[in-house]
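In what follows, a structure is listed as structure tokens, so that the remarks can point back to it.
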Amino acid sequence: MRTLRVVLAEDSVLLREGLTSLLRHFGHEVVAAVGDADALRERVSTLDPDVVVTDVRMPPGFSDEGLRAALELRAARPRLPILVLSQYVEQTYATELIDAGRAAGTGYLLKDRVGEVGEFVDALGRVADGHTVIDPEVVRQLLDRRRDPLHRLTPREREVLGLVAEGRSNAAIARRLVVTEAAVAKHIAGILAKLDLPPDADDHRRVLAVLTYLRA
Amino acid sequence: MTARTALSAAATPPWRLARSAWPWRSLAYLLAGMIPAMLPLALLAGIELLNPGLPALILLLLAGLLVVVAAGPLIAWFDRRRLRLVDGRPLPQRPPLRLGEPGTWREIGYAVLSACVAWWLDLGVVMLSLFPPLLLMSAPLQPSGPGAELPAVPWLTALLCAAGCVLLPLAAYPITAWAGARAAVARAVLAPADTDLVEVLRSRERLVDGFDSERRRIERDLHDGAQQRLVALSVTLGLARLQVADGHAAAPLLDDARQQTALALAELRELIRGVHPQILSDRGLAAAIRDVAGRSPVPVELDLRLDGRLPAPVEVTAYFAVNEALANLARHSGAARGRVAAWTQDRRLLLEVSDDGTGGADPARGTGLTGLADRAATVGGRLLLASPAGGPTLLRVELPCER
């Protein structure tokens with residue numbers, strides 16, 4: 001895994017320290033760890049990091065400053081990978097973020113997830129590589145809700161869609177489900193067909209499959 | 001039944017009234033009115049002594065009136081205390097003395113009028129009621145015999161005296177009734193019926209506002225405190241797990257601890273959402289309703305025509321209404337689909353939650369619906385429900401909102 005230069009924004013000192021040592025442990029470089037949204041904007045523009053990790057709720061207003069700053073940064077640098085950590089499962093925030101990212105290099109994870117340190121760092125790597133990562137909990141709720149178009153999907157296909165939403169490659173999904181990559185590809189083709197996503201050369205159709213649900 | 005006011009005491013049978021304290025209290029009430037009357041009387045006496053010319057007289061009268069008005073609050077205070085003699089019902093707390101308040105002027109006006117004019121009437125009633133029996137009773141003391149009005153007939157004197165003794169208790173009636181009538185007027189001026197209601201509504205509003213800000217504070221405290229610490233703890237545990245080989249005795253313990261932390265975090269998250277949803281403060285009602293609807297196990301169709309933010313109490317009330325309605329819908333209605341519509345019209349927010357379920361929702365069963373109605377009422381809104389047996393159910397919430 002390559003070394004990532006990370007700018008971290010988190011107002012809780014305890015968690016900021018924890019995340020910093022976690023990322024260091026996995027060989028990444030935390031070039032700046034800040035506690036508010038203004039500092040985040042400033043550091044990103046001067047340090048040009050590989051990826052930004054930010055909390056949603058931050059000073060001064062303790063509202064959604066972190067997310068807003070992330071969206072602004074994204075608008076200014078469309079290729080900047082951003083991973084947003086949230087205390088809550090907010091579909092609104094997830095949708096805003098992914099809309100801003102369109103298809104590449106954004107992530108929305110519950111803070112609970114950082115405890116699974118291996119998976120968290122893995123997810124960070126996928127965001128930095130331009131994938132989209134959506135928290136399984138958000139996906140689960142959306143799948144629960146969108147029952148009607150989804151009744152066409154088999155339980156296995158739903159499971160695969162969930163893993164796709166987490167930004168995993170076919171190979172990773174195959175390992176997870178203990179099936180062959182060809183079987184995964186078949187499931188994904190089935191999902192895309194059932195969700196009326198016409199086949200073309202665009203790699204991001206799998207992300208669009210998830211977006212369909214997020215925006216519904 | 002014991003009477004609580006002089007007026008209701010006047011309606012009791014004569015023997016009971018005569019034995020009760022009410023005639024004495026009434027008399028004391030009416031006579032106590034003389035005390036504030038001393039002020040205008042003293043002023044008049046002063047003017048009489050000075051014996052000024054006409055222009056000076058007018059000036060002095062005006063000045064005297066000013067003095068009386070200035071003493072108005074004091075007289076009004078005295079009137080309030082005096083009222084307790086003949087009216088056992090408590091008066092509402094007197095609002096702080098403010099000149100802009102119409103109640104203040106009404107009270108002072110009444111006090112001045114009662115000190116300058118009304119006491120004449122009180123005194124008149126007392127005199128007229130007491131004079132005839134007292135005069136009759138004094139018959140033995142009156143001069144009699146030739147040249148006097150009373151003939152020197154002992155049995156006639158005794159008869160007149162006896163008649164006076166019989167008539168005296170009857171004087172209790174006009175005195176008690178008059179004092180009761182005066183007290184009713186005083187109460188109408190000092191405590192108009194609607195002030196009580198306004199007070200109640202205001203205090204209810206304050207209470208709900210207090211609860212809401214308390215909820216936000218708790219949400220913030222949990223979020224910035226317990227939740228952050230738990231997340232930090234889970235990171236620490238995760239890092240610790242990395243240091244420990246899979247076969248090590250501590251590994252399963254650490255895994256267990258991480259799992260427990262994750263559960264605690266999930267529970268805390270749900271708890272905080274129930275206390276006050278962050279999305280409501282951040283993005284307003286439409287986003288919060290979308291979020292609630294997204295969680296509903298029954299598919300919910302949304303028709304939200306809300307732009308911009310609404311006043312915070314309206315948003316919070318509306319949010320909890322939709323939350324409760326959708327929870328009921330999922331739990332009791334047996335519906336396959338729900339619908340939430342929200343729009344603003346004529347400075348009102350209108351919310352409709354409907355379903356295709358079996359109906360029969362009854363506010364009498366369970367506290368959810370009545371609680372919602374109470375909540376809507378605190379912001380001046382109302383809750384309407386149509387839920388015939390067999391369905392469908394339509395819940396409508398109307399909340400006034402000045403934009």
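The values are calculated or read from the model by the stated rules, or taken from the named source; none is laboratory data. Quantities reported herein were computed from a predicted structural model and do not represent experimental measurements. Here the Cβ is made from the backbone with ideal geometry for all residues, glycine too, and neighbour counts use every protein chain on show. These area figures cover heavy atoms from the full protein model, side chains too; ligands, DNA and RNA do not enter into them. Shrake-Rupley method; radii C 1.70, N 1.55, O 1.52, S 1.80 Å.
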Leaving out ligands and nucleic acids, and using a 1.4 Å probe, what accessible area per residue does the range B:201-341 come to in Å²? 48 Å²
Which trypsin sites (Lys or Arg not before Pro) in the range A:24-114 sit in a loop by DSSP (not H, G, I, E or B) and have at most 14 other Cβ atoms within 10 Å of their own Cβ? A:R79
Helix B:193-222 sits off the longest principal axis of the Cα atoms of chain B, rounded to the nearest 10 on a 0 to 90 degree scale, by 30 degrees
Two-site label geometry, B:A118 and B:D362: point separation in nm, points 7 Å out along Cα→Cβ: 5.2 nm
State, as an integer percentage, the relative contact order of chain B based on alpha-carbon contacts under 8 Å between residues 6 or more apart. 12 percent
Summarise the partner chain shielding of A:53-60 as one whole number: the mean count of Cβ atoms from other chains within 10 Å of each residue's Cβ. 1
Running Debye on the range B:197-275 with equal point scatterers at the Cα sites and no solvent, what base-10 log of I(q)/I(0) appears at q = 0.11, 0.12, 0.13, 0.14 Å⁻¹? -0.47, -0.52, -0.56, -0.61
Of every Cα-Cα pair in the protein assembly as shown, the percent that sits beyond 49 Å: 43 percent
On average, how much area does the Cα convex hull of chain B cover when viewed from any direction, in nm²? 39.3 nm²
A:S21 versus B:E267: modelled label distance in nm, points set 7 Å from Cα along the beta carbon direction: 2.7 nm
Convex hull volume per residue in cubic angstrom - Cα atoms of the range A:19-139: 92 Å³
Cα centroid separation, the range A:1-79 to the range B:297-350 (Å): 36 Å
Only helices counted: for the protein assembly as shown, with every DSSP H run of 4 or more residues adding -39500 (n - 2.57) and the sum spread over all residues, [θ] at 222 nm is -19000 deg cm²/dmol
Pop out the carbon and sulfur fraction of the accessible area of the range B:282-400 as a percent, whole number, probe 1.4 Å. 52 percent
Residue range of chain B that is longest and free of GluC sites (Glu not before Pro) which are both DSSP loop and sparsely packed (at most 15 other C-beta within 10 Å): B:150-401
Please give the total accessible area that chains B and A bury against each other, computed with a 1.4 Å probe and expressed in Å² to the nearest 100. 3100 Å²
At 37 °C and 0.692 mPa s, grab the translational diffusion coefficient of the range B:39-178 from Stokes-Einstein with a Kirkwood Rh over Cα pairs, rounded to a whole number in µm² per second. 171 µm²/s
Does anyone have the angle between helix B:72-83 and the longest principal axis of chain B? Alpha-carbon axes, 0 to 90°, nearest 10? 90 degrees
At a cut-off of 50 Å², which residues of the range B:222-243 become less accessible once all protein chains are present than in their chain alone, using a 1.4 Å probe? B:H223, B:Q228, B:V231, B:V235, B:L239, B:L242
Dimensionless Rg/Rh of the range B:282-400, both radii on Cα and Rh by Kirkwood, sits at 0.94
Determine the gain in length on full extension of the stretch B:Q345-B:V69; use 0.36 nm per residue of separation and subtract their C-alpha separation, reporting nm with one decimal. 94.5 nm
